[in-house]
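A.B. asks: Starting off with a structure, shown below.
Values in this text are rule-based calculations from the coordinates and carry no lab data. In this text the structure is predicted, and so the values were computed from the model without any measurement. For neighbour counting, all protein chains shown are included, and Cβ atoms are generated from backbone atoms with ideal geometry for every residue, glycine included.
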C-alpha cells in the first residue's frame, strides 16, 4: 500500500480547488489552490494519523502561524510569517517538548511576561 494522489483538474486554465492525498483509506494531506497558486489552508498527517503540519498561504505566499508536530503529538515547530510572506520567527522543540538550539521565540511553557 503506498501513497496515491487524486486530482480533478479542469481543462483550459490553472487549477482551483483542493488536492487530497491518501495512504490507503487514510487522508495524509489536503492542499488548497486558486488559479494555480497555493492559496488557503493546507494540512498534513504522519503515517500514524497524527497531525504533522498546518499552514495558510495567500496568493502563493506563506502567512500567519505554521505549526508542525512530532509523530508523538508534541509540538515540533512554529514558524510565523508576515502578510508579505517574510519569516518573522521560528520556534522549535524536541520530541519531549524541550526548546532546541534553533528556537528563536518564547518558551510556551512559561507564562507570557514571566521570561
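A.B. asks: Within a 10 angstrom radius of the beta carbon, how do 69, 93 rank from fewest other beta carbons to most?
C.D. replies: Ranked by crowding around the Cβ, least crowded first: 69, 93.
A.B. asks: Any chance you could run the full-extension gain for residue 16 through residue 48? It's 0.36 nm times the residue separation minus the Cα-Cα distance, nm to one decimal.
C.D. replies: 8.6 nm
A.B. asks: How many nm separate the modelled label positions at residue 75 and residue 32, each set 7 Å beyond the Cα in the direction of the Cβ?
C.D. replies: Modelled inter-label distance: 2.3 nm.
A.B. asks: Is the shape of the range 3-92 rounded, prolate or oblate, going by the alpha carbon gyration tensor and its root eigenvalues a ≥ b ≥ c, with a/c under 1.5 for rounded and a/b larger than b/c for prolate?
C.D. replies: oblate
A.B. asks: Quick one: length gained pulling residue 59 to residue 25 fully straight, 0.36 nm per residue minus the C-alpha distance?
C.D. replies: Extending this stretch completely gives an extra 9.2 nm.
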